[in-house]
Structure formats: structure tokens, C-alpha cells
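Here the structure is laid out as C-alpha cells; the discussion comes afterwards.
Bear in mind that the values in this text are calculations on the coordinates, not laboratory data. All values reported here derive from a predicted model rather than from experimental measurement. All Cβ positions, even for glycine, are placed from backbone atoms using ideal geometry, and neighbour counts span all protein chains on display.
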């Protein structure tokens, strides 16, 4: 990867294991993640998109929830969040609804699309700044 294009330290960002979680409303697949962003002091809205594939299948954004400190944010609307910060090395989870997986190994492809605006207190709500993309691939075990 060319210098300056990487904004994530991929090693250790995604857990090597995933789990099934049952709630009163529905069942989820849960992926534990940690903030390994090089510029980690931003509101969640700095992340314009999270795209996720499991075993090559694209997961619809409306089925993915970013959970931080017990706060559930659907990734479709994450780009609007101005007042929740995800701190360096802090754990979070991705909860995926409507996905059934067999026990064993699965391939996770996690793409993060973020603004190049580095001012940590504001969001690029008009999408003036360019974006950058980085994808992490991880084999996980259920």
C-alpha cells in the first residue's frame, strides 16, 4: 500500500472469533473490533461508510449495527453522528442481523470509508473533502 493511504493498523482490529447473540428482538452475529485508526480522535460521523462482506456476501447496511458503550448505531446513519467518539484501542462491536452462519471459519471483509478532513471536532457534512478507503480481511471462527 502506498505511503499515506493507510489510516488503519489492521493487525488486531478485528477479533479472530465471532459469536451468535440472541436478544428478545432478534438474533445477531457479533464481531468484536478495536479502534486502530491512526487518527482516532473523531466523532463516529467521520467514518462515512462501513461496508461489510461475510464469505464474499455483501451485508446490507440496514442490517449492520455499530455498538459502542451500549449505544447502537445503524451504519446507514453513522455518518451523521457528531457527539459520540470512538477512542484509540477502545472496543466496539458490529452486530449483524439476518445472517445465519455455520460453525467454523468465515472470511470477513471490512471496508472503512473516511473523510480526509483531519479536524477532530467537526464533520464534513457537505462532503467537500476527498475520501479514503481501506479494507481489512480477517479469517474468523464462529
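Among 99, 44, 123, the largest mean-square fluctuation in a Gaussian network model of the chain, built with springs joining Cα atoms closer than 10 Å, belongs to 99. Across all C-alpha atoms in the stretch 40-112, the radius of gyration and Dmax reach 12.8, 38 Å.
This ranking places 72, 46 by how few other beta-carbon atoms lie within 10 Å of each, fewest first, which gives 72, 46. Under the definition of Cα pairs under 8 Å and six or more residues apart, what whole-number percent is the relative contact order of the chain? Contact order relative to length: 30 percent. When the inverse distances between all different Cα atoms of the chain are averaged and flipped, the Kirkwood radius reads 15.5 angstrom. Kindly put 113, 140, 125 in sequence by how many other C-beta atoms sit within 10 Å of each C-beta, fewest to most. With the sparsest Cβ surroundings first, the list reads 125, 113, 140. Here the peptides 58-66, 131-139, 21-29 are ranked by packing, the mean other Cβ count within 10 Å, and the order with the highest first is 58-66, 131-139, 21-29.
When 115, 15, 102 are ordered from fewest to most other Cβ atoms inside 10 Å of their Cβ, what list results?
Least crowded to most crowded, the residues run 102, 15, 115.
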